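Data block below; observations after.
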Amino acid sequence: MPSSRMTMTLSINGTPYRLPQSVSPDTPLLDILRNTLGLTGTRFGCGLEQCGACMVLVDGQPVQACTAALDAVAGKQVITVEGLAAADGTLHPLQQAFLDEQAGQCGYCLSGILIAAKALLDENHNPSRAGIAAALDGNLCRCGSHVRILRAVERAAAAMRAETGR
């Protein structure tokens, strides 16, 4: 029996991708990112929206890719951690600040934390430390890098304000 599925197109990090008709619309976005498109920066953590390792931006909003179905993100702009750097390879201020502050230890959580921090800084150019902590509350880090992570987000916010003059 022929499939009635339509070909889905996703925009990921500014690049359009056509998915084969064999891909089910309820497939989790994370599966497509990692296993079909080879974008492995977004991590699988718990699969239950509890850890934040799989976070991506969908139309600028943080979303857990482990449970976001393809049909829910089709036609929307998806940004993964790979999409934070500029096309020429220049790191996003968040990425640079995390390096400068040595904010990662094992690094497993960092892709989700970077995405959550980007969503925060896109909305609030001068967040308080408490505001940063609240925005990152859904991202688990078990290495104990929390203070360095908070410092890195503060540093990135200052760098971004200096860049834009805000």
- Can you pull the Kirkwood radius for segment 29-99, inverse mean 1/r over Cα pairs, to one decimal in Å? 12.7
- Query: How far, in degrees from 0 to 90, does helix 146-164 lean away from the longest principal axis of the Cα atoms of the chain, to the nearest 10?
  - Reply: 90
- Which value in deg cm²/dmol, rounded to the nearest 500, describes the helix-derived mean residue ellipticity at 222 nm for the chain, given -39,500 (n - 2.57) per DSSP H run of n ≥ 4 and division by the residue count? -9500 deg cm²/dmol
- Query: Considering the dipole of the chain built from charges on the beta carbon (Lys and Arg +1, Asp and Glu -1) around the Cα centre, which of 32, 89, 103 is farthest to its positive end?
  - Reply: 103
- Any idea what angle helix 110-123 forms with the longest principal axis of the chain, computed on alpha-carbon atoms, 0 to 90 degrees, nearest 10? 80
- Message: Past the 15 angstrom mark, what percentage of all C-alpha to C-alpha distances in segment 95-136 do you count?
- Response: 43
- If you roll a 1.4 Å probe over the heavy atoms of the protein chains, what accessible area per residue do you get for segment 15-161, in Å²? 48
- Note on the structure: extent check for segment 56-157: Cα max minus min per principal axis, descending, whole Å, gives 38, 31, 27
- the chain - charge dipole about Cα centre, Lys and Arg +1 at Cβ, Asp and Glu -1, debye rounded to 20: 160
- Pop a pseudo-label 7 angstrom from the Cα along the beta-carbon direction at both residue 59 and residue 35 and give the gap in nm to one decimal. 2.7
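Report the relative contact order of segment 1-151, percent, no decimals, based on alpha-carbon pairs under 8 angstrom and at least 6 residues apart. Before the final figure, lay out the partial values.
On the way: 243 pairs, mean separation 35.7, N = 151.
After rounding, I find 24 percent.
The values are calculated or read from the model by the stated rules, or taken from the named source; none is laboratory data. Since we're looking at a predicted model, the values are computed, not measured. Cβ sites come from the backbone with ideal geometry, for glycine too, and all protein chains shown count toward neighbours. Heads up: the accessible areas ignore ligands, DNA and RNA and are worked out on the full protein's heavy atoms, side chains in. Shrake-Rupley method; radii C 1.70, N 1.55, O 1.52, S 1.80 Å.
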